[in-house]
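What follows is a structure written as structure tokens; I'll ask about it next.
What follows draws every value from the coordinates through simple rules; no lab data is involved. Model, not experiment: these values are computed from the prediction. Virtual Cβ from ideal backbone geometry, glycine too; neighbours counted across all protein chains shown.
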Amino acid sequence: MKNVAKKLTAREYEINFAELHPAFTPNAAVVEANRCLYCYDSPCTQACPTHIDIPTFIKKISTGNLKGSAKTILESNWIALTCAKACPVKVLCEGACVYNEKGEEPIRIGRLQRHAMDWFYDHKTPPLFAPAPRNGKSVGIIGAGPAGLACAAELALLGYEVTIYEAKNKAGGLDTWGIAPYKMMQKDSMKEVKFIKSLGVKIKTNTRVGKDVALKQLERKHVAIFIGAGLGRPTSLHIPGEKLKGVVDALDFIERVTPRQWHRVDVGKRVAVIGAGNTAIDAATEAKRLGAEEVYLIYRRSEKEMPAYDFEFELAKSDGIQFYFQTAPKRILGKTVVEGIECIKMRLGKPDAEGRRRPEPIPRSEFRLAVDMVIKSVGQNIEETFLAKIPNLETNDGMVVVKSESYQTTNSKYFAGGDCINGGKEVVNAAHDGKAAAQGMDQFFNEQ
């Protein structure tokens, strides 16, 4: 990059990336747990994709039974610490809390779940779960992200031998590499990986399926294969200048930040982030917290239509991010490195196929912003070249088609879940998919 932001001191970095929601003290957790009304219909449980028995785990916290609380949580969600820290709880469980209807603060379910899971990982307790005797069947899992880990844990408990094949040098997928450090640290994801390995799951890192190990080899070794691969290639902007030095993908940028080696991450003095989803917000806030003087978030639709959650938007505004709504990038300026970006104002026209008003450029409304870094966050594509190697595998718009109950694909040997079937929902959705697919797989074999 032509201009790099000034490096901060170690203390400044730590302050900037401090946890947004610190852990409860033991007393505070008990006080909060005692606010729970233990609703008979548990709307919070219904709102959770993994359907954790939330009132029960909270009740156990109130009585000091943290081991029992953690067990209740893990019975539904194998990656519960990640979900406690990174889930959009204000939209899901806390958003469904009956206290909202009373105009009062909802139960802080996420922080209570984190309290129970922190206790579990901090204490060497006897095993909470006893895997069933080995049934002689082996399952291969592609991808050690949340869906793959959840599927592996559930299968191991059901008596299967499980091997996960992971392309990166650390397991965890998005949990390890794609969550902003002020929400969750890599070491939290590693705790969950270690726990799942303790159930007997084998994880082969630095192993890319199709390159380091052939699909045919996996098919011969395993009775079934679960596809838990995440999203692959970033979507292109399709504008001039996209190949200039200083143009980076949002997830690649976030991945550089998650190890917390702040001084090794270069960020521009003035940064433009293209997109307005939750990942774009993370990239923008991280750039600002790394020392960028100005960060602009450019989005072609209106504020009302931005896909980021409201609380993410508020976080970005509090960090001083400047928003350019109904604005689209036209070209990135510079000879070899980014020197600026030319944008054009947009107006919303007729609805598209999804019912959203289509953005249209306003003639002669171009303007330029002086920036030295551009972060792209306009979505990612499923790695279709990899999927194309699997015979008789049906896809729809790049996503794997599965049966709703069993998560089995059109190739009966393969099951799938997570980003590759939903296009990139929340971590908790992937956790649900992985567990449900394992149960679907077990039922399939039992019925044969």
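Only Cα pairs within less than 10 Å get springs; with that Gaussian network setup on the chain, which residue of 331, 111, 364 has the largest fluctuation?
Comparing 331, 111, 364 in the GNM, the peak value goes to 364.
If you don't mind, another one. What full-extension length gain, to one decimal in nm, is calculated for residue 305 and residue 23 as 0.36 nm per residue of separation minus the Cα-Cα distance? Don't jump to the answer; show the numbers that get you there.
Numbers: separation 282, 0.36 × 282 = 101.52 nm, distance 3.30 nm.
Separation in residues times 0.36 nm, less the Cα-Cα distance, equals 98.2 nm.
For the range 289-349 and the range 375-448, what is the centre-to-centre distance using only Cα atoms, to the nearest Å?
What the calculation gives is 32 Å, centre to centre.
Among 203, 145, 217, flag the residue with its Cα farthest along the positive direction of the charge dipole of the range 88-226, charges on Cβ as +1 for Lys/Arg and -1 for Asp/Glu.
About the Cα centre, the residue reaching furthest to the positive side is 217.
For the chain, give the magnitude of the charge dipole about the Cα centre (Cβ charges: +1 Lys/Arg, -1 Asp/Glu; no others), in debye to the nearest 20.
Working: 63 positive and 53 negative charges, 240 e Å.
I would put it at about 1160 debye.
Percent of alpha carbon pairs in the range 34-122 separated by more than 18 Å? Before the final figure, lay out the partial values.
On the way: 1332 of 3916 pairs.
Percent of Cα pairs beyond 18 Å in the range 34-122: 34.
Now for a separate question. Fewest first, what order do 9, 410 take by the number of other Cβ atoms within 10 Å?
The most exposed by this proxy come first: 9, 410.
While we're here: So what are the radius of gyration and Dmax for the Cα set of the chain, in Å?
So, for the chain, Rg and Dmax equal 22.8, 71 Å respectively.
Further question: Quick check on the range 168-208: take the gyration tensor over C-alpha atoms, sort the square-rooted eigenvalues as a ≥ b ≥ c, and tell me if it's rounded (a/c under 1.5), prolate or oblate.
Numbers: a/c = 3.48, a/b = 1.43, b/c = 2.43.
Here the range 168-208 falls in the oblate category.
Viscosity 0.890 mPa s, temperature 25 °C: Stokes-Einstein D of the range 247-376 from its Kirkwood Cα radius, in µm² per second?
Details: Rh = 15.1 Å.
The calculation lands on 162 µm²/s.
Toward the positive end of the charge dipole of the chain, about the Cα centre and with charges on Cβ (Lys, Arg +1; Asp, Glu -1), which of 48, 235, 24 goes farthest?
Towards the positive end, the residue furthest out is 235.
Another question, then. Just to check I understand the Karplus step: with θ = phi - 60° and J = 6.51 cos²θ - 1.76 cosθ + 1.60, what whole-Hz values come out for the range 163-179, glycine and proline as x?
Values per residue, Gly and Pro as x: 10, 9, 10, 10, 6, 7, 7, 9, 6, x, x, 4, 4, 8, 10, x, 10 Hz.
Taking the Cα centre of the chain as the origin and placing charges on Cβ (Lys, Arg +1; Asp, Glu -1), which of 254, 119, 79 is farthest toward the positive end of the dipole?
254
Find the percent of Cα-Cα distances in the range 90-214 that exceed 19 Å, and round it to a whole number. Numbers along the way, then the final one.
On the way: 4580 of 7750 pairs.
Summing the P(r) tail past 19 Å for the range 90-214 gives 59 percent.
Beta carbons within 10 angstrom, averaged per residue: use that to sort the peptides 136-147, 238-249, 345-356, highest first.
Working: 136-147: 26.4, 238-249: 16.1, 345-356: 11.1.
Sorting 136-147, 238-249, 345-356 by mean packing, highest first, produces 136-147, 238-249, 345-356.
Once the other residues with Cβ under 12 Å from the Cβ of residue 68 are scored (Lys, Arg +1; Asp, Glu -1), what is the net sum?
Working: positive: 59, 60, 67, 71; negative: 53, 75.
Surrounding charge for residue 68 is +2.
Please tell me the relative contact order of the range 259-390 in percent, rounded to the nearest whole number, where contacts are Cα pairs under 8 Å and at least six residues apart. Spell out each step's value before the answer.
Working: 250 pairs, mean separation 35.3, N = 132.
Dividing the mean separation by the residue count of the range 259-390 yields 27 percent.
Before anything else, pin down the relative contact order of the range 57-131: Cα pairs under 8 Å, at least 6 apart, normalised by residue count, whole percent. Present the calculation step by step, with values, prior to reporting the outcome.
On the way: 62 pairs, mean separation 26.9, N = 75.
Reported relative contact order: 36 percent.
Evaluate the relative contact order of the range 1-93 (contact order divided by residue number), counting alpha-carbon pairs under 8 angstrom at least 6 apart; express in whole percent. Walk me through the numbers on the way to the answer.
On the way: 64 pairs, mean separation 22.8, N = 93.
It comes to 25 percent, rounded to a whole number.
Beyond 23 Å between alpha-carbons counts as too far, so tell me which of 304/435; 124/197; 6/85; 389/425 fall in that bin.
Distance filter (> 23 Å) returns 304/435; 6/85; 389/425.
Count neighbours as other Cβ atoms within 10 Å of each site's Cβ, and list the chymotrypsin sites (Phe, Trp or Tyr not before Pro) in the range 1-73 that are DSSP loop with at most 14 such neighbours. If you can, show how the numbers build up before the last one.
Values: sites: 13, 17, 24, 38, 40, 57; in loops: 17, 24, 38, 40.
Taking the range 1-73 and a limit of 14 other Cβ atoms within 10 Å, the loop chymotrypsin sites (Phe, Trp or Tyr not before Pro) found are 38, 40.
Determine ³J(HN,Hα), in whole Hz, for all residues of the range 419-434 in sequence, where each value follows from phi through the Karplus function 6.51 cos²θ - 1.76 cosθ + 1.60 and θ = phi - 60°; x replaces Gly and Pro.
Ordered by residue, 3J(HN,Hα) equals 4, 6, 10, 10, x, x, 8, 7, 4, 5, 5, 5, 4, 5, 4, x Hz.
Right, next: So which aspartates and glutamates pass the test for residue 7, namely a Cα distance under 17 Å, with those fewer than 8 places away in the same chain ruled out?
Result set, ordered by chain and number: 266, 286, 293, 294, 372.
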